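K.L.:
Please see the structure below; I have some questions.
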Amino acid sequence: MVVTGELTALEMAYRTVYVGALIFLALMIALCLVRAVRGPSVADRIVAVNMMGTMVMVIIAILALLLKEGYLVDICLIYAMISFLAVIVLTKVYMGVYKENENAKEGQGNGGD
């Protein structure tokens, strides 16, 4: 029987895996942030923002397991919906700007002839 407060070897192994995954995901979020800032195209930036949102959801889920707090799973689901909507809005804004630029180019091409 395990005394409360002490961790078994299996619990310690799980804790180590969880912390390792959290550190790895934090590094990957940093790399995605670099891609979001320096990305060669707007599409690369949008994909990087989407990936960062997904990794934050995974981090919240791992923390729910690590801390044994069930309400964090609810927060993770809410964050998923907000992240999805944010990417959709960014995409719609980008498409609007792209169409405006295309219309402006067509207007300049027709006006010069």
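K.L.:
For the stretch 75-82, state whether one or more residues are more than 13 Å from the chain's Cα centre (by Cα), more than 17 Å from F24 (Cβ to Cβ) and surrounded by 14 or more Cβ atoms within 10 Å (Cβ to Cβ).
P.N.:
Checked against the condition, which is being more than 13 Å from the chain's Cα centre (by Cα), more than 17 Å from F24 (Cβ to Cβ) and surrounded by 14 or more Cβ atoms within 10 Å (Cβ to Cβ), the stretch 75-82 yields at least one hit.
K.L.:
Answer yes or no as to whether E69 is charged (D, E, K, R), out of contact with any Phe, Trp or Tyr (no Cβ under 9 Å at 6 or more places or on another chain) and surrounded by 11 or more Cβ atoms within 10 Å (Cβ to Cβ). So that I can check it myself, show each step before the final result.
P.N.:
Numbers: charged (D, E, K, R): yes; out of contact with any Phe, Trp or Tyr (no Cβ under 9 Å at 6 or more places or on another chain): yes; surrounded by 11 or more Cβ atoms within 10 Å (Cβ to Cβ): yes.
For E69, the condition - charged (D, E, K, R), out of contact with any Phe, Trp or Tyr (no Cβ under 9 Å at 6 or more places or on another chain) and surrounded by 11 or more Cβ atoms within 10 Å (Cβ to Cβ) - is met.
K.L.:
Take L7 and tell me if it is assigned to a helix (DSSP H, G or I) and either crowded, with 16+ Cβ neighbours inside 10 Å or modelled with pLDDT under 95 (or both). Don't jump to the end; show me each part of the working.
P.N.:
Values: assigned to a helix (DSSP H, G or I): no; either crowded, with 16+ Cβ neighbours inside 10 Å or modelled with pLDDT under 95 (or both): yes.
In short, no.
K.L.:
Restricting the stretch 20-42 to residues that are surrounded by 12 or more Cβ atoms within 10 Å (Cβ to Cβ), farther than 14 Å from V58 by Cβ and of a type in the set (A, V, I, L, M, F, W, C), which is modelled with the lowest pLDDT?
P.N.:
For the stretch 20-42, the residue satisfying everything is V42.
K.L.:
Something else now. Return the residues of the stretch 44-63 that are in contact (Cβ under 8 Å) with a residue 24 or more places away in the chain and either touching a Leu at 6+ places or on another chain (Cβ under 7 Å) or closer than 18 Å to V89 by Cα (or both); say none if nothing qualifies.
P.N.:
Going residue by residue through the stretch 44-63, those that are in contact (Cβ under 8 Å) with a residue 24 or more places away in the chain are 46, 49-50, 53-59, 62-63.
Matches in the stretch 44-63: I46, V49, N50, G53, T54, M55, V58, I59, I62, L63.
The values are calculated or read from the model by the stated rules, or taken from the named source; none is laboratory data. Since the structure is predicted, the reported quantities are computational estimates derived from the model, not experimental observations. Every residue, glycine among them, receives a Cβ derived from its backbone with ideal geometry; neighbour counts consider all protein chains shown.
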